[in-house]
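The values are calculated or read from the model by the stated rules, or taken from the named source; none is laboratory data. What you see is a predicted model; the values in this text were computed from it and never measured. Cβ placement follows ideal geometry from the backbone for every residue including glycine, while neighbour counts extend to all protein chains displayed.
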Amino acid sequence: MLLAGALTLAGLATPPALLVLAESGSAQVAPAPAAGLDLADIIDGFGGAAGSAPAGWAVAGGAATVQDVPDTIDRGLRLTDTSPDQSLTVSRSLGATSAPVVAAARLRAGQTTSVIGLHLDSPAGHAATVGLGPDKRLYAYNGPEQVTIGEYQANEWLDLRITTQPGTNTYSVFLRGKRLAQDLAFRVAAETLTNLQVGVSKETTGTAWIDDVRVFAAPAGTDWAQIGTVTPRTAKQIGSSRLISGVETTGRNYARFSEYRRQLAALGTTTWRVMPEWNDVEQNTEGKYNWAKTDEIINAAVAAGARPWVQFSYGSWHYTTKKGLTAGGANLGAGLPAGEGLDKAENWCDALVERYKDRVKQYEVWNEPNNDGAPSTIAKDYATYFKRIAQCVRKQQPDAVIYATEFGISVDFADRFMTELKNLKDPGEADNDTAKQAARIALVNGVAYHPYDNYPDNPKLYNTMAELRKTLARYSPTIVIRQGENNAPSTAGSFGAFSADTFTERSQLAYNLRRNVGDIGVGIDSSNLGTCDLWYKFNATDTPKINSKGVVACGPDLKATYTKLSYYGLQNVAALFDSTLRPLTRLEPVSDWRKESPIKGFAYSTTGNGDRKVTVRAFQKTGSAEQAVALWFGGDPAQQPEKDSQGNQLAKPDRAPSEDRGTRQVDVTFPAAKMSNPVLVDLVSGNIYQVPAGAVQRAGSSLTIKGVPIGNTPVVVADRSVVGL
């Protein structure tokens, strides 16, 4: 499964001036190396025939063939070294690039008695290394010094990532999304990187496996010196933010939480959306609950410092099919419980709240009730169900935060639901009892919508969000809105939303960055469906269908394989945009979004962008009032989704999905900005660049930054203090 193509990560360049650390730790500037000669993606899942040689790889000193991996449904490259005095190596050419390189691969040792290494090489030898030692020790090198960074077990897949800066002779190492080491010195000085190599050392024998190789280079977008990288932070370190990760469908066994819990804990999102599913927890015996799956998720969230947001989702086949009650089905689109079935649903609610009320403060009632197959009475039906469940929650937990939910984003449905709920009288209630009406409205703290629009920063969408908020404010000014489920797939033909679109890992990254930053930049919580890929299987004989919206890749056996590009982009957003960064941009409904943007509150102007529309989200740091401004191409009212004759969406230049990775040097002026020491952050790589003094022009309170490299994914211009340097 080889795929190669030119790569230009937005906002990045091989800087002409590079930062070098002197012995004192002070920063010095060194001349830049020559530009890279080969900047191709390498994506190899070794999907060739069993027994075949690895296409594109050079093999020396032993046997290396594509084989089925024992105890899995996967196929990988098996390295077999039987010689105690000769190394076995496989290598892949990178050409000769001086650009920052990210190399990721899954590595597995068949034993703990060998020395196995994953290397990025320069003409002078191994520059960056991650090694598996004969003592179960995972190690790297800091210059000539070997340093321990973890442990491994025999036959354990290690999802490794090396990020390099050849000009500064440094690299960092990640395992399953967690950064284990940063700013390690290259083993040898290297102006260019030329090869990726995996090998078993000549002193030892053994078997190793490699799979899911992914190499990306980051060529020119700016000529500014890099001064650091974004430091990943956990939810516990962050405290509070508007980013949400999904832990959905575990009840239907479309995903297995244990497979990706370590990646989720390292991601930094501070709320987890949890879907216990009634049909799974209370299966065949009334009043007997199996909480094992939900306990694992809730306890992991609390341990990680994240807030669980728990959904009362779907019905019960036990009560529907065996008891003959209207208790709903156990799937998306199933009817709502009613009558005696609603009594059983309340029992389920009582049991769940009783178990988790000490750890859970946020709840969501059902999932997408107004789906395409819903009856015309759905607003009243859902109001009836919502009232019963919300009152059940509040009975035990008066301070609980409860969200209603809707399919897509529908101002009309939200309005009808709120009206039905307001007028849903209790037995014996007098007409126009405003106190009781207000009490029912107060059951709703928020409304979660699911905007699967493949144009993530569509001004039409954001205007609808503003209209939704305005409509709900008529019922109560305290009701908030939350983007409760969304994400782009990373493959074409993914099951569910966007199935007609040709997404890739790179366009998934672009979509998710634009949507997450776009949402939190106007004060809206932003959720990411399915941290791991979901595999839908509707019956025992059904062929699993992948919903590849996860930021962690998973196979049909539900085993996590590797962390995607979009994971690391989201990790960078989580690390930067916590609750101490207050949005300056805001939502305001407009009468004609084609002529006027619904994004208000922050003035800016641009030159050099030509026909491309620059979208902005602005933030201000609590305390210092220093600012951060995210910029990317998108949000143009003229760029509306269109369909071809078969109904497939047509992509346009400023819309994701897009493989356009080029940047333009844009001059950006902020009439009232506060950035004492501006830097540039690329959210794709996490690289931080110093904005040179010559690119900064000030006139009173106005700030102009010349030559900002803007592309299809956001870059952030911010004061240095905001990014943690």
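For this structure, a couple of remarks:
- Each residue in region 661-680 was checked for being within 21 Å of Tyr511 (Cα to Cα), buried (at least 19 other Cβ atoms within 10 Å of the Cβ) and modelled with pLDDT under 95, and 2 pass.
- Applying a threshold of 7 Å to beta carbon distances and a minimum spacing of six or more residues, or different chains, the list of pairs starting in region 430-452 at a residue that is farther than 15 Å from Ile402 by Cβ and ending at one that is of a type in the set (D, E, K, R) reads Lys436/Asp426; Lys436/Glu429; Gln437/Lys422; Tyr449/Glu406; His450/Glu368; His450/Glu485.
- Residue in region 297-310 that is within 20 Å of Asn528 (Cα to Cα) and modelled with pLDDT under 95 present: no
- Among (1) among the acidic types (Asp, Glu); (2) more than 26 Å from Val173 (Cα to Cα); (3) surrounded by fewer than 24 Cβ atoms within 10 Å (Cβ to Cβ); (4) in contact (Cβ under 8 Å) with a residue 24 or more places away in the chain, the one test that Asp578 misses: (2)
- Residue count for region 304-324, restricted to those that are touching a Leu at 6+ places or on another chain (Cβ under 8 Å) and among the aromatic types (Phe, Trp, Tyr): 3.
- Pairs where the first residue, in region 597-620, is assigned by TED's automatic domain parsing to the domain that holds Ala718 and in a loop (DSSP other than H, G, I, E, B) and the second is of a type in the set (Lys, Arg) and crowded, with 19+ Cβ neighbours inside 10 Å, C-beta under 9 Å, 6+ apart: Phe602/Arg617
- Residue count for region 320-378, restricted to those that are modelled with pLDDT of 95 or more, of a type in the set (Asp, Glu) and out of contact with any helix residue (DSSP H, G or I) (no Cβ under 7 Å at 6 or more places or on another chain): 5
- Residues (outside any loop (DSSP other than H, G, I, E, B), surrounded by 14 or more Cβ atoms within 10 Å (Cβ to Cβ) and of a type outside the set (Val, Ile, Thr)) located in region 624-660: Gln627, Ala628, Ala630, Leu631, Trp632, Phe633, Gln649
- Within region 652-672, residues that are closer than 20 Å to Gly518 by Cα reach partners that are of a type in the set (Val, Ile, Thr) and in a loop (DSSP other than H, G, I, E, B) with beta carbons closer than 7 Å, at six or more positions or on different chains, in the pairs Pro657/Thr502; Glu659/Thr504; Arg661/Thr8.
- Verdict on Glu340 being among the charged types (D, E, K, R) and closer than 24 Å to Asn487 by Cβ: no
- Of the residues making up region 411-448, those that are small (Gly, Ala, Ser) and surrounded by fewer than 18 Cβ atoms within 10 Å (Cβ to Cβ) are Gly428, Ala430, Ala435, Ala438, Ala439, Ala442.
- Thr504 vs. criteria surrounded by fewer than 24 Cβ atoms within 10 Å (Cβ to Cβ), at pLDDT below 95, in contact with a Ser or Thr (Cβ under 8 Å, 6 or more places away or on another chain) and β-branched (Val, Ile, Thr): yes
- Condition check for Asp501 on (1) closer than 20 Å to Asp636 by Cβ; (2) in a helix (DSSP H, G or I): one failure, at (2).
- So Arg242, is it crowded, with 18+ Cβ neighbours inside 10 Å, touching an Asp or Glu at 6+ places or on another chain (Cβ under 7 Å), charged (D, E, K, R) and not assigned by TED's automatic domain parsing to the domain that holds Ala63: yes
- Some residue of region 231-250 being closer than 30 Å to Gly694 by Cα and under 18 Å from the mean Cα position of the chain (by Cα): yes
- Considering region 165-183, and only residues there that are crowded, with 24+ Cβ neighbours inside 10 Å and under 12 Å from Val130 (Cβ atoms), the residue that is modelled with the lowest pLDDT turns out to be Tyr171.
- Enumeration of residues in region 71-88 that are surrounded by fewer than 23 Cβ atoms within 10 Å (Cβ to Cβ) and either over 32 Å from the mean Cα position of the chain (by Cα) or over 13 Å from Asp211 (Cβ atoms) (or both): Asp71, Thr80, Thr82, Ser83, Pro84, Asp85, Gln86, Ser87
- Of all the listed residues (Ala414, Ala383, Ala438), the sole one being assigned to a helix (DSSP H, G or I) and touching a Phe, Trp or Tyr at 6+ places or on another chain (Cβ under 6 Å) is Ala383.
- Scanning region 63-81 for residues that are in a loop (DSSP other than H, G, I, E, B) and either at pLDDT 90 or above or among the hydrophobic types (A, V, I, L, M, F, W, C) (or both) turns up Val69, Ile73.
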